[in-house]
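*Asks:* The structure under discussion is supplied below as structure tokens; questions concerning it will follow.
Nothing in this text is a laboratory measurement; each read-out follows from the coordinates by a stated rule. Nothing here was measured: the structure is a model prediction, and the numbers come from that model. When we count neighbours, we look across all protein chains shown, and the Cβ atoms used for this are built from the backbone with ideal geometry, even at glycine.
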Ligand SMILES: [Zn+2]
């Protein structure tokens, strides 16, 4: 099975190079990696939108996304596109706009381009530039949201505007959606949009954040297209004991019992479970790794060496480890009010990420056995994510993403990806939308790590390439030819 699937993937990479066409638009593409003609000017224009969006502070909480939504409505209005604000809470509105293929809206084939307006908060003192200044420096644009997710928001907008300007005949409706509260996942998030405004956003396919284009030494290594994601669940560990004066130590001290439980849970490693998408991902990266790691990846499915291969791979890369098993990260601790009082209770928070298909009940049964302490209980918090079905790797749209990405990035391999992080796509997948995740900009590992961190930035050239990719993709997928 391994070899067969790999041959299929390798076949997909063999894209024709050189002169091509964006179907239906009659514009020549002169180089495999230069993007559709005219998209250079559009990318420059979109860079201005990105800078303006970074300058509108939508740090969540509180979000205040309405200001950014109104800014986008203004841009669309100039293009002759009527956008609609979708209020979700005071000061918080999403925005939707659509280009229809015919006089009636038709969700049955529609493509939804989705990105979020909010950004995570900043620790200002740790930034070397104004996080809301969109400061250009050394070929980069610095700012919170430059990558996550205002970069994709501006690139989606460029692709949408491109369709309108091209006047091309569409073969499906294309919907532009800017969401709120993605980073909070609360009452103003896509859950509410789906509940209140589903008829405005219903689509067969969607393109969202969630994947990445990894660049190393100026070359795109691979494009990872997110088609599935792990499920976040928070669990509280509660240890109880006798409270009293700290000058008389007790054996049932809640803090000691909590610490022992957290230590055991922290060193626990859940069993490996390779999902279809993760298998396909490893098959795709095997040729990109050094000989030693490549060899172990190819041994994953063998009965004699598979187990050892899994150990080598898990130790080689923390992301790979998190892709093949349920994981648990202890993240918060609380106990006590005074230095000289033994508290009656101590608590820890565990952030659990389940593989799709695994259940928290089964994992907790394992952990309870491991902790084996009647003073300690594990409680599932009510904010758990929902397990969604994977998006299919057999759809027209997935094939279009693979083709456009390989064309844009000089034949780079395009791999399906199951993210360890959660995105809005889970909600869309639960509503039968075949949702795929990209962040279409070629980024180094170093720049990828700055998302949610300090000095987030995007290379201006990478942004332009991402715009080109999305313009190419929607041009090929949504235009009649
Ligand atoms: Zn994001």
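*Asks:* I need the Kirkwood Rh of segment 141-221: take the reciprocal of the average 1/r across all distinct C-alpha pairs and report it in angstrom.
*Replies:* The Cα-based Kirkwood calculation yields 15.2 Å.
*Asks:* For the ranges 118-126, 440-448, what's the packing order if you count other beta-carbon atoms within 10 Å of each residue, average per peptide, and put the highest first?
*Replies:* 440-448, 118-126
*Asks:* Pairing the Cα long axis of helix 460-478 with the longest principal axis of the chain, what angle in degrees results, from 0 to 90 and rounded to the nearest 10?
*Replies:* Between the helix axis and the principal axis of the chain, the angle is about 70 degrees.
*Asks:* With a point put 7 Å past each Cα toward its Cβ, work out how far residue 236 is from residue 129 in nm, to one decimal.
*Replies:* 4.3 nm
*Asks:* Next question. Relative to the longest principal axis of the chain, what angle (0 to 90°, nearest 10) does the C-alpha long axis of helix 66-78 take?
*Replies:* Here the helix axis deviates by roughly 10 degrees.
*Asks:* Expressed as a whole number of Å, what is the distance separating the alpha-carbon centroids of segment 307-360 and segment 173-190?
*Replies:* 29 Å
*Asks:* Report, in degrees rounded to the nearest 10, the 0 to 90 angle that the Cα long axis of helix 2-13 makes with the longest principal axis of the chain.
*Replies:* Helix 2-13 sits roughly 40 degrees off the main axis of the chain.
*Asks:* Another question about this same structure. What's the center-to-center distance, using Cα atoms, between segment 409-478 and segment 212-268 in Å?
*Replies:* Answer, in whole Å: 28.
*Asks:* Find how much the distance from residue 460 to residue 338 grows on full extension, using 0.36 nm per residue of separation minus their present alpha carbon separation; answer in nm with one decimal. Working shown, then result.
*Replies:* On the way: separation 122, 0.36 × 122 = 43.92 nm, distance 5.22 nm.
Gain on stretching residue 460 to residue 338: 38.7 nm.
*Asks:* Sticking with this one: Using packing as a proxy for protection, rank 42-50, 311-319 so that the peptide with the highest average count of other Cβ atoms within 10 Å comes first.
*Replies:* Averaged packing, sorted descending, gives the order 42-50, 311-319.
*Asks:* Can you give the percent of C-alpha pairs in the chain whose distance is more than 34 Å?
*Replies:* 39 percent
*Asks:* How would you rank 357-369, 52-64, 458-470, highest first, on the average number of other Cβ atoms within 10 Å across their residues?
*Replies:* Working: 357-369: 14.5, 52-64: 20.5, 458-470: 24.2.
The most tightly packed comes first, giving 458-470, 52-64, 357-369.
*Asks:* Oh, and also: Considering only DSSP beta bridges whose two residues both sit in the chain, what percent are antiparallel, to the nearest 5?
*Replies:* 70 percent
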